[in-house]
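Below is one structure, written out as structure tokens; comments come after it.
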Amino acid sequence: MDSMNGADTAWMLVATALVLLMTPALAFFYGGLVRSKNMLNTLMMSFASLGAVGIAWAVLGYSLAFADGNGFCGGGAYLLLHGVGLESKGSIPHLLFMAYQGTFAIITAALISGAIVERMRFRAYLAFITLWSLVVYAPVAHWVWGGGWLARLGALDFAGGTVVHVNAGVGALVAALVLGPRKDYGRQALLPHSVPFVLLGTALLWFGWFGFNGGSALGANASAVLAFVNTMLAPMGTLVVWMFLDLARTGRATAVGAATAVVIGLVAITPAAGFVPPISAIALGALAALPSHYAIVWRSRTGLDDSLDVLSAHGVGGAVGALLTGVFAVKVWGGADGLLAGNPEQLGRQAVAVCATAAYSAVGTFAILKLIGLVAPLRAPGREEGIGMDVPQHGEEAYSSGEGAILVMPDNAPAAGAIAVPEGRS
Amino acid sequence: MKLIVAIVRPEKLNDVLEALYKEEVRGLTITLARGHGGELESVETYRGTTVKMKLVDKVRLDIGVSDPFVERTVRAIMRSGRTGEVGDGKIFILPVQKVYRIRTGEEDVEAVTPLA
């Protein structure tokens with residue numbers, strides 16, 4: 001009776017788990033780049049999204065993105081997952097589709113945290129990502145994937161170059177501007193505390209990205225294979241070019257640069273993954289290195305404290321990828337023809353999608369932050385910034401020696417002389 | 001000659017180093033230390049275990065200076081290391097009997113004079 005396909009369902013189950021893993025991976029990628037006194041806070045900004053945005057998605061976000069509505073926003077038909085069951089959507093169960101899309105909402109909100117690490121109050125951050133996922137992410141997802149106006153226009157976005165990366169990148173820029181720079185920015189060297197964690201996070205991001213792009217075919221089919229292979233090849237192209245750029249600029253190929261390059265390559269191929277031939281994917285990855293590389297070099301000389309370069313990596317990388325999709329796309333591989341295949345109009349559609357997403361994200365992000373700012377301060381006090389966010393905001397340290405720690409006995413503590421076994425340490 | 005021992009907050013270390021650099025105090029040694037000087041304890045919780053961190057992370061600076069440099073070194077540390085909260089640290093000034101620079105064998109004031 002339905003068109004459900006076991007192979008498609010199996011692949012999408014795996015792909016959903018892969019994309020969910022990207023958010024903890026991002027946590028370690030970002031965590032390694034901050035100072036050790038802010039490690040837990042940075043990790044928690046991503047992990048918190050797994051909870052806050054994931055629940056917001058199930059309750060309301062999915063409906064706003066994928067229920068029938070108008071060109072701008074979905075309706076309320078799927079509120080509280082009402083009507084989202086085991087019936088087929090395409091060739092997989094509707095419920096699985098909802099879960100898969102939820103993992104995208106989670107990581108997109110978490111991406112923004114890179115712009116405001118080491119200074120934002122955690123409560124304000126929680127309110128921000130929850131509102132952002134509903135007010136900014138869900139409508140833009142509807143535009144592109146939920147039958148909204150960009151889908152009708154014919155803009156190509158295979159796995160979220162605009163919805164996820166331009167959206168998060170511009171949101172990050174605005175968030176960095178509204179929050180303002182860290183007090184030490186431009187005065188002291190703010191160095192990554194663990195480059196190995198950065199590389200580990202990058203490795204897990206790349207692994208998860210096979211689900212992000214490969215899964216966006218929504219089945220175990222030829223399109224998934226193309227997206228998967230392109231997801232492998234494009235970052236390789238970016239990595240090679242980036243190492244040459246590093247060598248040319250400083251004479252040394254850096255590890256943080258290599259990690260950054262892989263992420264930018266992944267971002268850039270995201271909108272194009274199922275639409276361009278593999279050789280074009282390599283070219284796309286290689287080309288994408290240049291604007292982001294120079295954006296990072298430029299940004300670090302300005303007063304803009306987009307601390308972990310979310311704008312350069314995701315905003316610029318995503319925009320370049322979306323535009324190059326309109327250049328390299330070939331209809332026989334999937335989607336539509338691009339500029340090189342004799343269809344320059346596609347490039348125009350891609351530009352519209354990038355600009356519309358950027359503009360909406362900028363306005364929405366600004367409004368949400370100003371609104372929260374009316375209720376409570378967005379920034380932690382300067383003193384807490386000095387101590388690091390971990391102890392004041394979370395009451396824990398990432399790397400505690402335990403020396404000098406006095407155990408505080410609970411009221412029902414055993415009598416003096418008995419051996420205390422703290423909970424959770426059995 | 002004096003040995004200046006200063007205990008400061010780690011989050012103020014960069015400010016202190018910057019201030020000392022501006023005062024042309026060049027030679028110094030720092031040690032990461034843990035200590036306690038009466039500040040309020042911060043409470044941390046790990047699952048059901050609550051602890052008070054009695055010992056707080058500090059940085060110890062050891063600076064050997066000639067007598068004319070004592071005053072400006074102390075002033076620079078006081079100015080740059082202060083937050084006004086309990087726990088800003090201490091400065092101790094100790095007499096020094098003898099100083100040698102290992103590389104050249106120079107002694108005393110010459111040994112603590114930075115290279116031009």
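Looking across segment B:3-38 at every residue that is of a type in the set (D, E, K, R) and under 11 Å from the mean Cα position of the chain (by Cα), the one that is farthest from residue B:86 (Cα to Cα) is identified as B:12. Evaluate segment B:18-38: report whether one residue or more is assigned to a helix (DSSP H, G or I), within 12 Å of another protein chain (Cβ to nearest Cβ) and either more than 30 Å from residue A:407 (Cα to Cα) or in contact with a strand residue (DSSP E or B) (Cβ under 7 Å, 6 or more places away or on another chain) (or both). So far as segment B:18-38 goes, yes, one or more of its residues are assigned to a helix (DSSP H, G or I), within 12 Å of another protein chain (Cβ to nearest Cβ) and either more than 30 Å from residue A:407 (Cα to Cα) or in contact with a strand residue (DSSP E or B) (Cβ under 7 Å, 6 or more places away or on another chain) (or both).
Criterion applied to A:156, A:199, A:173 was being in a helix (DSSP H, G or I) and farther than 18 Å from residue A:310 by Cβ, and the one residue passing it is A:199.
One residue stands out among those in segment B:47-64 that are in a strand (DSSP E or B) and either within 7 Å of another protein chain (Cβ to nearest Cβ) or among the aromatic types (Phe, Trp, Tyr) (or both): the one that is nearest to residue B:25 (Cα to Cα), which is B:53. Considering segment A:372-393 alone, what residues qualify as being within 22 Å of residue B:86 (Cα to Cα) and either assigned to a helix (DSSP H, G or I) or facing another protein chain (nearest Cβ under 8 Å) (or both)? A:382, A:383, A:384, A:385, A:386, A:387, A:388, A:390, A:391, A:392, A:393, listed by residue number. Here A:86, A:33 are screened, and the one residue that is out of contact with any Cys (no Cβ under 6 Å at 6 or more places or on another chain) and within 18 Å of residue A:205 (Cβ to Cβ) is A:33.
Condition check ((1) of a type in the set (Ser, Thr, Tyr); (2) surrounded by 21 or more Cβ atoms within 10 Å (Cβ to Cβ); (3) closer than 19 Å to residue A:147 by Cα) across all residues:
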{"residue": "A:39", "(1), (2), (3)": "no, yes, no"}
{"residue": "A:45", "(1), (2), (3)": "no, yes, no"}
{"residue": "A:58", "(1), (2), (3)": "no, no, no"}
{"residue": "A:88", "(1), (2), (3)": "yes, no, yes"}
{"residue": "A:91", "(1), (2), (3)": "yes, no, yes"}
{"residue": "A:94", "(1), (2), (3)": "no, no, yes"}
{"residue": "A:108", "(1), (2), (3)": "yes, yes, no"}
{"residue": "A:112", "(1), (2), (3)": "no, yes, no"}
{"residue": "A:115", "(1), (2), (3)": "no, yes, no"}
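Only one entry of B:114, B:68 meets the criterion of being more than 14 Å from chain A (Cβ to nearest Cβ), assigned to a helix (DSSP H, G or I) and exposed (fewer than 15 other Cβ atoms within 10 Å of the Cβ), and that entry is B:68. With a requirement of 1 or more residues that are within 16 Å of residue A:164 (Cα to Cα) and polar (S, T, N, Q), the helices (runs of 4 or more DSSP H) lying completely within segment A:248-329 that satisfy it span A:317-328.
Read-outs throughout are calculated quantities, based only on the coordinates presented, and are distinct from any laboratory measurement. As the structure is a prediction and not an experimental result, all values here were calculated from the model. We place every Cβ from the backbone using ideal geometry, glycine too, and count neighbours over all the protein chains shown.
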